[in-house]
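Structure first, commentary second.
Every read-out reported here was derived from the displayed coordinates using simple, explicitly stated rules and does not represent laboratory data. Since this is a predicted model, take the numbers as computed values, not measurements. Quick reminder, even Gly has a Cβ in these numbers, built from the backbone with ideal geometry, and neighbours come from all protein chains shown.
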Amino acid sequence: MSLTSPLADPEFYAGDPFALYARLRAEAPVARNDELGFWAVSRHADVITVSRDPETFCSGRGILTMEIGAHYDTPPTMMHTDPPDHTRYRNLVQPGFRPSFMRALEDGIRARTVALVDAIEPGVPVDVVSDLAVPLPLQVISDLLGVPEEEWPRFFRWSEAVIPGATDWPEEERMALSGEMVTYLLAAAADRRAKPRDDIISELGAAEVDGDRLTDAELGMFLVQLLVAGNETTRNMMSGGLLGFADTPGEWEALRSRHLAASTRALPIAIEEMLRWTTPVVAFMRTTTRPVELGGVSLGPDEPVLMLYASANRDESVFGPDAERFDAGRDPNPHVAFGFGPHFCIGAVLARLEGRILLEELLTRFGSIESGGPVVRTASPVIAGVKSAPLVFGVA
């Protein structure tokens, strides 16, 4: 069994993968996985190199190891495209995620957050996954899409169905749920084209650059990406980040002191550490288009290359000797939790906004946070999912 063999086993990701990542960075930063046929890239600098060069490392041949050898007549997501197609999509959807549009959501996000946080009883274990991290992003996305609030549990099932390893549901059930989601969102896209409203579907449907607009199918494709990526990543940043506080004595109290002292940078800095520490997207793949040298290894064309974001975000050469420690005051923090380069996450502003508001409301009410029971993680090579995380919040 090779050093990279565990990377092909979904159960590996439900445990603690970081010891292996450290070995890869030290011993084989660009290492071949023969089981699935890809190269694993574990150092921060090499992940950045791959990310910023789509001409050499393309997304159009798949972004997940299960897609090795796959060919798509049309891209399943915007993430599966390369310039110039990706640039076109980006230009058309970016206005829907402009900072001013996201800031306009703040009051609604805060109202949703307050309702959830108010239900937490001090001193009593609460599962921050089911009670906070799952409903909040999905309620926000429901608001964004202009659909009834009660749809969010349905959205949750759809989203879980399409994430590899997120559930143990039968393949037929997962495929049926995925089909339901696509049908629903395509119908929503067509409806907003005919009858625009004040929501992001209408905003994206009306977006135009030099006479070019998204087709209904392209709009539906992007809505699928928004629903799945927009809630899975934010959800696990929240739950994993709160676990970081609970597992690191003194960090919550120190952040609370900085926040109550009116430090305007305290929470944004803490959010970046929650993102680094959790790295909600474990890894994405690219495929070489030509011979290239990466990390001292010569690669030929058509070689799948897996960027281990979760390893890059613990790279000691970038984050120092305490890279394995959760530090809510870490600054600077050049993590790659949102990717890097042309594919930098388009929803980063929204994720940071939701995270900041959640911290504000929790810090106002609670003076401490600690573990309340065993944590259950998802066996997924794609999303660093947390299925259950009981925590206990103490009174301020």
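Set the Förster distance to 45 Å, then compute FRET efficiency between ARG197 and GLU324 from the Cβ-Cβ distance, nearest 0.05. About 0.45, to the nearest 0.05. Multiplying the residue separation of ARG23 and ARG356 by 0.36 nm and removing their Cα-Cα distance gives an extension gain of 116.5 nm. Projecting label points 7 angstrom from Cα along Cα→Cβ for GLU151 and TRP169 puts them 1.7 nm apart. The coefficient of translational diffusion for region 189-256, derived via Stokes-Einstein from the alpha carbon Kirkwood radius under 20 °C and 1.002 mPa s, stands at 145 µm²/s. For region 122-210, GluC sites (Glu not before Pro) are listed when DSSP marks them as loop and at most 14 other Cβ atoms sit within 10 Å of their Cβ; the list is GLU208.
The charge dipole of region 72-225, taken about its Cα centre with unit charges on the Cβ atoms of Lys, Arg (+1), Asp and Glu (-1) only, comes to about 480 debye.
Only Cα pairs under 8 Å and 6+ residues apart enter the sum, and on that basis the relative contact order of region 272-346 stands at 35 percent.
In plain terms, the chain from THR248 to VAL209 could stretch by 9.2 nm, reckoned as 0.36 nm per residue minus the Cα-Cα distance. Among ARG290, ARG192, ARG258, a tally of other beta-carbon atoms within 10 Å of each Cβ gives an order, fewest to most, of ARG290, ARG258, ARG192. When the chain is described by a simple charge dipole with +1 on each Lys and Arg Cβ and -1 on each Asp and Glu Cβ, the residue from GLY329, TYR72, LEU294 located farthest towards its positive end is GLY329.
Think of region 238-290 as a dipole: +1 on every Lys or Arg Cβ, -1 on every Asp or Glu Cβ, centred on the Cα centre; then among THR279, TRP252, MET238, THR279 lies furthest on the positive end.
A simple charge model with +1 on the Cβ of Lys and Arg, -1 on the Cβ of Asp and Glu and nothing else charged puts the dipole of the chain at about 760 debye relative to its Cα centre. For the pair HIS71 and SER298, the difference between a 0.36 nm per residue extended length and the Cα-Cα distance amounts to 79.2 nm.
Normalised by the number of residues in region 196-289, the average gap of Cα pairs under 8 Å and 6 or more apart makes the relative contact order 26 percent. Summing charges over neighbours of PRO29, with a neighbour being any other residue whose Cβ is under 11 Å away from its Cβ, gives 0 when K and R count +1 and D and E count -1.
Among GLY123, GLY211, GLY108, the largest mean-square fluctuation in a Gaussian network model of the chain (Cα springs under 10 Å) belongs to GLY211. Here the dipole of region 1-98 is about 440 debye; that uses its Cα centre as origin and unit charges on the Cβ of Lys and Arg (positive) and Asp and Glu (negative).
Run the numbers on the chain and let me know its relative contact order in percent, using alpha-carbon pairs under 8 Å that are six or more apart. Don't skip to the end; give the middle numbers.
Numbers: 661 pairs, mean separation 107.8, N = 396.
Normalised by residue count, the contact order of the chain is 27 percent.
Note on region 5-112: Rg/Rh from C-alpha atoms, Kirkwood Rh, equals 1.07.
Listed by Cβ neighbour count within 10 Å, with the fewest neighbours leading, SER42, SER317 appear as SER317, SER42.
Ordering ALA119, LEU132, GLN94 by the projection of their Cα atoms onto the charge dipole of the chain, which places +1 on the Cβ of Lys and Arg and -1 on the Cβ of Asp and Glu, puts GLN94 at the extreme positive end. Counting only the Cα atoms, the chain fills a convex hull of 139 Å³ per residue. Comparing Cα centroids, region 130-150 and region 200-271 end up 13 angstrom apart. Semi-axes of the equivalent ellipsoid of region 237-396 are 33, 17, 14 Å, computed as sqrt(5λ) over the eigenvalues of the C-alpha gyration tensor in descending order.
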